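Notes follow once the structure below has been shown.
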Amino acid sequence: MKARTYCSVLAAVLAATACQPNNAARVTVNYRQLGNFPEYSLTPDGSAPQGAGDGIFVLYKVKSISNTGAQAKAFTFDPHKVATITSDKTSNETVDVSNSLLAGLNLATVSVPAGQTKTVNRCFIKRVLTSTPQSLATQSGHVSTIYQIDKSQPVLMQDMAPNASVAVGQIVIPDALQQMCANS
């Protein structure tokens, strides 16, 4: 009986510790939300707009990525692994034409070696799903983010200005997005 109790307690302790993230390997992504917009156009005159449907588009800028934990290992940031969270939905929809909209300021992926912090200053766009997109079409329409869960290398998405105003546009064009990204 004593051996069974010991084994049960040992199994419970091992299970509990196996579920904990490895905070010594934590990566911190410092970013800002720059703007929210319901439509974009790939043309300079704003013709042929593409809408967000049951959501809104959000422009994020990654300022830096810190990978300096005691157990850090190489990390590759990928915007496709960033999910957005609203009061009614969590979604992971990266805008496929971000490269066309942001040109040289588009963030595809970035590798950060263990023990380093990398300045990034590039942007990416997510389509944020919500049943109330009008609630996000305001200067206070902040949308939280989370990164794909990996307990061996957890990622903290750190909004550097969670209370700052965000730009709000209607039909945005590439030039306006590129200026917003470059100047923030």
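The values are calculated or read from the model by the stated rules, or taken from the named source; none is laboratory data. Keep in mind the model is a prediction, meaning the values are calculated, not measured. Cβ coordinates were reconstructed from backbone atoms using ideal geometry, including for glycine residues, and neighbour counts include every protein chain displayed. With ligands, DNA and RNA removed, areas are computed over all heavy atoms of the protein, side chains included. Shrake-Rupley method; radii C 1.70, N 1.55, O 1.52, S 1.80 Å.
If you check Pro133, Pro44 for being in contact with a Gly (Cβ under 6 Å, 6 or more places away or on another chain) and open to solvent by 10 Å² or more (accessible area, probe 1.4 Å), only one passes: Pro133. Taking residues in the range 148-168 that are farther than 18 Å from Ile56 by Cα, and partners anywhere that are open to solvent by less than 70 Å² (accessible area, probe 1.4 Å) and charged (D, E, K, R), the pairs with Cβ atoms closer than 8 Å and at least 6 places apart or on different chains are Asp159/Arg32; Met160/Arg32; Met160/Lys63; Ala161/Arg32; Ala164/Arg32.
Any idea which residue in the range 169-181 is most open to solvent (accessible area, probe 1.4 Å), counting only those that are of a type in the set (A, V, I, L, M) and in contact (Cβ under 8 Å) with a residue 60 or more places away in the chain?
The selected residue is Ile171.
Put simply, of Lys118, Lys126 the only residue that is modelled with pLDDT of 90 or more, crowded, with 20+ Cβ neighbours inside 10 Å and among the basic types (Lys, Arg) is Lys126. Looking at the range 98-110, can you tell me whether even one residue there is without any contact (Cβ under 8 Å) to a residue 24 or more places away in the chain, open to solvent by less than 70 Å² (accessible area, probe 1.4 Å) and assigned to a strand (DSSP E or B)? Checked against the condition, which is being without any contact (Cβ under 8 Å) to a residue 24 or more places away in the chain, open to solvent by less than 70 Å² (accessible area, probe 1.4 Å) and assigned to a strand (DSSP E or B), the range 98-110 yields at least one hit. Got a sec? Which of Thr68, Thr90, Thr86 is open to solvent by 70 Å² or more (accessible area, probe 1.4 Å) and either touching an Asp or Glu at 6+ places or on another chain (Cβ under 9 Å) or closer than 16 Å to His142 by Cβ (or both)? Selected residue: Thr90, the only one of Thr68, Thr90, Thr86 that is open to solvent by 70 Å² or more (accessible area, probe 1.4 Å) and either touching an Asp or Glu at 6+ places or on another chain (Cβ under 9 Å) or closer than 16 Å to His142 by Cβ (or both). Between Thr76, Thr145, the distinction of being part of a strand (DSSP E or B) and more than 30 Å from Thr43 (Cα to Cα) belongs to Thr76 only.
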